[in-house]
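A short worksheet on the structure shown next.
The values are calculated or read from the model by the stated rules, or taken from the named source; none is laboratory data. Keep in mind that what you see is a predicted model, and the values were worked out from it rather than measured. Note that each Cβ is placed from the backbone with ideal geometry, even for glycine, and that neighbours are counted across all protein chains shown. The protein model used for the area step is the full one, side chains on, heavy atoms only, and it has no ligands, DNA or RNA in it. Shrake-Rupley method; radii C 1.70, N 1.55, O 1.52, S 1.80 Å.
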Amino acid sequence: MRRCVCPGSFDPVTAGHVDVVARAAGLFDEVVVAVLTNPAKRSLFSLEERVALLTDAVGGLDGVRVEAVDDGLLVDYCRRIGAAAVVKGLRSGTDFAYELPMALMNRHLTGLETVFLPGDPRFEHVSSSLVKEVAAHGGDVSGLVPAGVWAALQERRDR
Ligand code: PNS
């Protein structure tokens, strides 16, 4: 059984994330999508909301499950659940520059490997922060996020 973890803050999950999780599921027997809190980012959706939106978006894929990780290091979580690797999507060199130190630190800490998948160019411009900003100003991001996320973004805007 080869298990991987797709970690992130997923605030909220985008079509780019869904694509990476689905492709990871083609490479590993099991994918655990780990929803964490990034202290460097102020989140729009609570941890519970992010988990629910992700479960709705990818929970139906074969071999994929979603879990909240509310504390601790990613490497400790991966060791606890017996994950062989972390899988991350890369849209650009900027993503690589952000991800590489974390991948190297994780390998330094416990030997945990990171597998990078090139992001689908259709979603190169799609990030959680941009879809939040565009949606907050009334822009249409419906094709760039799962249907449940689009509904949740509209609900937030109308509040
Ligand atoms: O989607 P994000 O916000 O870029 O994800 C970053 C995240 C949450 C995966 C990263 O900050 C993380 O792994 N946090 C858990 C705590 C940890 O292990 N920090 C050290 C990383 S080398």
Selection from the stretch 139-159 of residues that are assigned to a helix (DSSP H, G or I) and closer than 20 Å to Leu54 by Cβ
Ala147, Gly148, Val149, Trp150, Ala151, Ala152, Leu153, Gln154, Glu155, Arg156
Going through the stretch 22-37 one residue at a time, which ones are without any contact (Cβ under 8 Å) to a residue 60 or more places away in the chain and either closer than 18 Å to Val126 by Cα or not in a helix (DSSP H, G or I) (or both)?
Ala22, Phe28, Asp29, Glu30, Val31, Val32, Val33, Ala34, Val35, Leu36, Thr37
Within the stretch 104-133, track down each residue that is aliphatic (A, V, I, L, M) and open to solvent by 60 Å² or more (accessible area, probe 1.4 Å).
Leu104, Met105, Leu109, Leu130
Going by the structure shown, is Asp71 among the acidic types (Asp, Glu), surrounded by 13 or more Cβ atoms within 10 Å (Cβ to Cβ) and either modelled with pLDDT of 95 or more or within 21 Å of Arg3 (Cα to Cα) (or both)?
no
Leading residue by the ranking (most open to solvent (accessible area, probe 1.4 Å)) among those in the stretch 1-18 that are under 13 Å from Val33 (Cβ atoms) and part of a helix (DSSP H, G or I):
His17
Residues within the stretch 134-150 that are exposed (fewer than 15 other Cβ atoms within 10 Å of the Cβ), of a type in the set (A, V, I, L, M, F, W, C) and under 19 Å from the mean Cα position of the chain (by Cα), tallied
1
Given the condition outside any helix (DSSP H, G or I), within 13 Å of the ligand (Cβ to nearest atom) and at pLDDT 95 or above, answer yes or no: does some residue in the stretch 127-138 qualify?
yes
Do you know which residues across the stretch 38-78 are within 12 Å of the ligand (Cβ to nearest atom), not hydrophobic (A, V, I, L, M, F, W, C) and not in a loop (DSSP other than H, G, I, E, B)?
Arg50, Asp76, Tyr77
Taking the stretch 79-94 and keeping residues open to solvent by less than 30 Å² (accessible area, probe 1.4 Å) and within 11 Å of the ligand (Cβ to nearest atom) leaves Val86, Gly89
Which residues, counting only those in the stretch 31-52, are open to solvent by less than 30 Å² (accessible area, probe 1.4 Å) and either over 11 Å from the mean Cα position of the chain (by Cα) or modelled with pLDDT under 95 (or both)?
Val31, Phe45, Leu47
